[in-house]
Amino acid sequence: MLEEVGTVIETEGEYAWIETERQGGCGACSSRQTCAGGSFASFFGQRPVRIRGRNGIGARPGERVLVVVHEAAVSQGSLMAYAVPLLGLLAGTGLGQLLAHRLGLAQPDAVAGVLGLIGLFTGLMGGRRIGARLGRDGRFEPVLTRRLPAMAMRSD
């Protein structure tokens with residue numbers, strides 16, 4: 001289970017919209033000062049992320065909550081976002097090369113490039129459809145698990 005702290009922005013029936021701070025992958029790493037990944041993340045800043053989660057605890061707007069997401073949802077979402085389009089690109093490129101050579105075309109790389117882009121686009125759309133279907137599966141929904149105390153305001 002992955003946990004994230006967020007603030008409820010609004011509620012819709014049994015769901016709530018939560019705003020969380022985007023965390024870099026190595027935010028807690030001791031090498032973040034010298035790591036290129038940490039520098040890259042700090043350059044672009046941390047923008048808030050809005051997610052929709054099942055509000056089984058009855059949280060209200062303004063409350064800080066703990067949100068839990070299953071690791072399977074994250075890994076399958078990553079596959080849909082990255083692996084499926086990449087496979088589409090590779091399959092389209094390979095098919096383009098094969099087709100161009102079988103037909104004896106003068107520009108096999110151009111055919112491979114065009115079919116690779118078509119494969120990439122097809123993979124993006126396919127991944128999006130599969131991801132949307134998985135998103136409707138209750139096992140992969142973010143869930144608000146408990147209310148957290150309000151953060152104390154710092155005076156600098």
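The values are calculated or read from the model by the stated rules, or taken from the named source; none is laboratory data. Keep in mind the model is a prediction, meaning the values are calculated, not measured. All Cβ positions, even for glycine, are placed from backbone atoms using ideal geometry, and neighbour counts span all protein chains on display.
For the reader, a short list of remarks on this structure follows.
- Residue in region 62-76 that is in a loop (DSSP other than H, G, I, E, B), within 25 Å of GLY13 (Cβ to Cβ), of a type in the set (Gly, Ala, Ser) and touching a strand residue (DSSP E or B) at 6+ places or on another chain (Cβ under 9 Å) present: yes
- GLY24 at pLDDT below 90, surrounded by 14 or more Cβ atoms within 10 Å (Cβ to Cβ) and part of a loop (DSSP other than H, G, I, E, B): yes
- Those residues of region 6-21 which are assigned to a strand (DSSP E or B) and farther than 18 Å from PRO48 by Cα, in sequence order: GLU12, TYR15
- Exactly one residue out of LEU124, LEU66 is within 23 Å of TRP17 (Cβ to Cβ) and either of a type in the set (Asp, Glu) or surrounded by 14 or more Cβ atoms within 10 Å (Cβ to Cβ) (or both), and it is LEU66.
- When residues of region 77-94 are limited to those that are of a type in the set (Ser, Thr, Tyr) and either in a strand (DSSP E or B) or under 22 Å from the mean Cα position of the chain (by Cα) (or both), the one farthest from LEU134 (Cα to Cα): TYR82
- Within region 76-106, if we keep just the residues that are farther than 26 Å from MET1 by Cα and among the polar types (S, T, N, Q), the residue that is surrounded by the fewest Cβ atoms within 10 Å (Cβ to Cβ) turns out to be GLN97.
- Scan of region 132-145 for residues that are closer than 20 Å to MET1 by Cβ and assigned to a helix (DSSP H, G or I), ordered by number: LEU134, GLY135, GLY138, ARG139, PHE140
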